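Shown next, in structure tokens, is the structure this report addresses.
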Amino acid sequence: MAAHSSFAGPSGVRVAVVGDRGTGKSSLIAAAASESFPDTVPPVLPPTLLPDDWFPDRLPLTIIDTSSRLEKRGKRNEELKRADVVVLTYACDEPTTITRLSTYWLPELKELEVKAPVVVVGCKLDLQDENQQINLENLMKQLLQQFGDIVTCMECSAATLYQVPEVFYFAQKAVLHPVDPLFDHERQALTDKCLRALRRIFVLCDRDMDDALNDAELNGFQGRCFDMPLQPSEIVEVRTLIQQEAPEGINQHGLTFPGFVYINNMFLKKGCPEAMWAVLRKFGYNNDLKLRDDFLPVPSNYASDQRVELTSEAVEFLNGTFRLLDTDRDRALQPAELDKLFSTAPESPWSDDPYKDAVERTGAGYMTLGGFLSQWALMTLLDPPSSLANLIYIGYSGNPAAALRVTRRRSVDLKKQKAERNVFQCYVFGSKNAGKSTLLYSFLRRPFSDKYTPTMVYQYAANVVELIGGTRKTLILREIPEDEVKNILSNRDCLVASDVAAFVYDGSDEDSWKRARELLEEVSRQGELTGHRVPCLLIAAKDDLTPYPRALQDSVKVTEELGIEAPIRVSMKLGDSSNVYGKIISAAEHPHLNIPETDIGRKRRLYHQLLHHTLIFASVGAAMAVVGLAAFRGHAIKKNSS
């Protein structure tokens, strides 16, 4: 198994048993396997299998005994890294072995970066001196303060078989039903991710949306998770208990969210994390408290020049969600309203780059409807699984497979001279201080600023563009820092994700123009070499400044030679965009009109055309020769017969 992130499909649990020499490791394993105390055991046992019918979860356990000898350390460390769970032993009759838990063994596990949970086990309990009894609760507290991977401490005796099966039951339980994702030991409270998952489950069960679970809804939850409805008397008991212990957990309509949390928290307090995991897994969660892959039917079998987009059904759901959240009807979402939206998700997916500042907001920093829909389009482009998962987290109840669609291949779009996409991505190239970032900021309707801040990483700007006729498309601009151009072009498939490329230059600066021309030629050659040709546009920025004379002449010449449109002149300072964003989308929608062709590419095309025609002539000539030969033979036969 050796994987702690997902519950789906484990084939077994691998347990590594480690500890000081003489602490009873081998005897513990032998006693568990044979259900009897062995008279003699070898220094290290071979791997021992406990079959799948030993424990309720019906998964086999493979127990790996390890040597504590120094020369065997490498082998032991390998087993620790492969383990799903570690059983760390000490001898109840040897106090020094207890001390070495915190001075050697646990630091060793930390240094090895062992991520598996740890069960601390005191062996040889039958040999313990009554005057040396250990307070397990205090030991657990001390160890947990230093080492958070410990899930439980217990004592056993292989000689009397006391709690021997329980050692491996708890080891398996630590893997299949881990406590750490659910409970923060330091705060002594449920983790934030756990609370968010419970909130989503509560909302899904609250059919009448009154923020409380009535008796029918509570029974629906019980039946779904445990296949066993509650009796009326049991519901009364639950209500009474919560009324006494958490009064805010009950109101006139039923069980509130605090009450729902209290019930689930009780499972942990009673040492039954498996009950809480039964709830979470019924609603699709894995051990990371995220939706399992089998709940996310994300398209996977598509070509590199295809993309995943939201369907009209998903967009309609998002439009409705926006209206529901916009309670003050100001046509924008405040931070608190966005927090509420993602309160049922493991975290807000838009709090960090590349989403943080990628869409349009109002002057007060609130997200507009266009910004909201564009953010989803951007997330779907960059991370389809995350997009689908978050749709489900926030309440999308339709068929998940109907939320995403795969676009037609761009190579087909090029042949048909029309792209059938709703979202287009444009790579924005240019020299430093050419005006790339300003192009992005203006797209998001941000105020113009003369302040120059170099872009060090890729940044995005996404917005909805209304075209002539009222059609709406989403455009995603991706700024490519000049220092990253070499890296990106070193990847053969770098242009596959781009529907169109824009090359920005400062129209008043000679060097800026020359660099834009170089970049245009580099990208054009890359497209011709790899077959991933993209339409290209030149954008002459800062049109409010005195233009560099040669740039005017050269740019017209270059665009004519390459067979693309003349440069689009813009001045974001004056608010003159020349409909540049609509023109970018138009170039992407009709890709054949602005595919640049270099001299090398033109010669290659002409060569292939000539070769093609030559082959046709050759095949026609060969066919005529065959026909002529046949006619000659026919004539000769006829002549001879006469």
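The values are calculated or read from the model by the stated rules, or taken from the named source; none is laboratory data. Note that the structure is a prediction, hence the values are computed from the model and not measured. Because the Cβ atoms are built from the backbone with ideal geometry, glycine has one as well, and the counts that use them run over all protein chains shown.
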Quiz item: Yes or no: residue 439 assigned to a helix (DSSP H, G or I) and closer than 22 Å to residue 378 by Cβ?
Solution: yes
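Out of 152, 89, 191, which single residue is in contact with a strand residue (DSSP E or B) (Cβ under 9 Å, 6 or more places away or on another chain), at pLDDT 95 or above and closer than 26 Å to residue 58 by Cα?
Numbers: 152 fails: at pLDDT 95 or above; 191 fails: closer than 26 Å to residue 58 by Cα.
Of the residues listed, the single one that is in contact with a strand residue (DSSP E or B) (Cβ under 9 Å, 6 or more places away or on another chain), at pLDDT 95 or above and closer than 26 Å to residue 58 by Cα is 89.
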Quiz item: Residues in segment 375-389 that are within 13 Å of residue 358 (Cα to Cα) and among the polar types (S, T, N, Q): how many?
Solution: 1
Quiz item: If the Cβ limit is 6 Å and pairs must be 6+ apart or interchain, which residue in segment 214-234 that is farther than 15 Å from residue 282 by Cα and touching a residue at least 24 places away in the same chain (Cβ under 8 Å) pairs with which residue that is in a helix (DSSP H, G or I) and of a type in the set (S, T, N, Q)?
Solution: none
Practice problem: Search segment 326-357 for residues being surrounded by 18 or more Cβ atoms within 10 Å (Cβ to Cβ) and hydrophobic (A, V, I, L, M, F, W, C), and hand back the single one that is nearest to residue 378 (Cα to Cα). | Solution: 350
Self-check item: Condition check for residue 486: at pLDDT 95 or above, surrounded by fewer than 23 Cβ atoms within 10 Å (Cβ to Cβ) and charged (D, E, K, R)
Solution: no
Self-check item: When residues of segment 440-487 are limited to those that are of a type in the set (A, V, I, L, M) and more than 30 Å from the chain's Cα centre (by Cα), the one farthest from residue 429 (Cα to Cα)
Solution: 468
Quiz item: Pairs, please: C-beta under 9 Å, at least 6 apart or cross-chain, first residue closer than 15 Å to residue 498 by Cα and in segment 396-419, second surrounded by fewer than 16 Cβ atoms within 10 Å (Cβ to Cβ) and aliphatic (A, V, I, L, M)?
Solution: 409/303; 410/303; 411/303
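Please list, ordered by residue number, the helices (runs of 4 or more DSSP H) wholly in segment 461-562 having 3 or more residues that are of a type outside the set (A, V, I, L, M, F, W, C).
Hits in segment 461-562: 510-530, 549-562.
Looking only at segment 45-53, decide whether some residue is in a helix (DSSP H, G or I) and either buried (at least 22 other Cβ atoms within 10 Å of the Cβ) or in the same structural domain as residue 149 (by TED's automatic domain parsing) (or both).
Applying the first criterion (in a helix (DSSP H, G or I)) to segment 45-53 yields none.
Taking every residue of segment 45-53 in turn, none turns out to be in a helix (DSSP H, G or I) and either buried (at least 22 other Cβ atoms within 10 Å of the Cβ) or in the same structural domain as residue 149 (by TED's automatic domain parsing) (or both).
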Quiz item: If you go through segment 383-432 one residue at a time, how many are part of a helix (DSSP H, G or I), crowded, with 18+ Cβ neighbours inside 10 Å, of a type in the set (A, V, I, L, M, F, W, C) and at pLDDT 95 or above?
Solution: 4
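Considering segment 87-99 alone, what residues qualify as being of a type in the set (A, V, I, L, M) and assigned to a strand (DSSP E or B)?
Of segment 87-99, the ones of a type in the set (A, V, I, L, M) are 87-88, 91, 98.
Within segment 87-99, 87, 88, 91 meet the criteria.
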Quiz item: Of the numbered conditions (1) buried (at least 20 other Cβ atoms within 10 Å of the Cβ); (2) small (Gly, Ala, Ser); (3) more than 40 Å from the chain's Cα centre (by Cα), residue 587 satisfies every one except a single condition; which is it?
Solution: (3)
Quiz item: Applying the selection to segment 509-525, what residues are touching a helix residue (DSSP H, G or I) at 6+ places or on another chain (Cβ under 8 Å) and over 12 Å from residue 430 (Cβ atoms)?
Solution: 510, 522, 524, 525
Self-check item: Any chance residue 534 is buried (at least 17 other Cβ atoms within 10 Å of the Cβ), closer than 28 Å to residue 463 by Cβ and assigned by TED's automatic domain parsing to the domain that holds residue 454
Solution: yes
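Going through 249, 254 one at a time, which residue ends up being surrounded by 13 or more Cβ atoms within 10 Å (Cβ to Cβ) and touching a Phe, Trp or Tyr at 6+ places or on another chain (Cβ under 6 Å)? If you could, list the steps in order and put the result at the bottom.
Numbers: 254 fails: touching a Phe, Trp or Tyr at 6+ places or on another chain (Cβ under 6 Å).
249 is the lone residue from the list that is surrounded by 13 or more Cβ atoms within 10 Å (Cβ to Cβ) and touching a Phe, Trp or Tyr at 6+ places or on another chain (Cβ under 6 Å).
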Exercise. Specify the residue that is modelled with the lowest pLDDT; the eligible residues are those in segment 1-59 that are farther than 21 Å from residue 159 by Cβ and among the acidic types (Asp, Glu).
Key: 57
Exercise. Go through the residues of segment 451-463 one by one and say whether even a single one is aliphatic (A, V, I, L, M) and under 25 Å from residue 582 (Cα atoms).
Key: yes
Quiz item: Considering segment 62-99 alone, what residues qualify as being under 32 Å from the mean Cα position of the chain (by Cα) and either aromatic (Phe, Trp, Tyr) or buried (at least 24 other Cβ atoms within 10 Å of the Cβ) (or both)?
Solution: 83, 84, 85, 86
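Quick one: which helices (runs of 4 or more DSSP H) sit completely within segment 254-370 and have at least 1 residues that are closer than 19 Å to residue 386 by Cβ, free of Cβ contacts under 8 Å to residues at least 40 places away in the same chain and within 25 Å of the chain's Cα centre (by Cα)?
Working: elements: 257-269, 273-282, 312-325, 335-341.
Once the helices (runs of 4 or more DSSP H) in segment 254-370 are filtered for at least 1 residues that are closer than 19 Å to residue 386 by Cβ, free of Cβ contacts under 8 Å to residues at least 40 places away in the same chain and within 25 Å of the chain's Cα centre (by Cα), what remains is 335-341.
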Quiz prompt | Residue in segment 87-101 that is free of Cβ contacts under 8 Å to residues at least 40 places away in the same chain, over 29 Å from residue 134 (Cα atoms) and out of contact with any His (no Cβ under 7 Å at 6 or more places or on another chain) present | solution = no
Exercise. Scan 468, 480 and give me the residue that is surrounded by fewer than 15 Cβ atoms within 10 Å (Cβ to Cβ), among the aliphatic types (A, V, I, L, M) and in contact (Cβ under 8 Å) with a residue 12 or more places away in the chain.
Key: 468
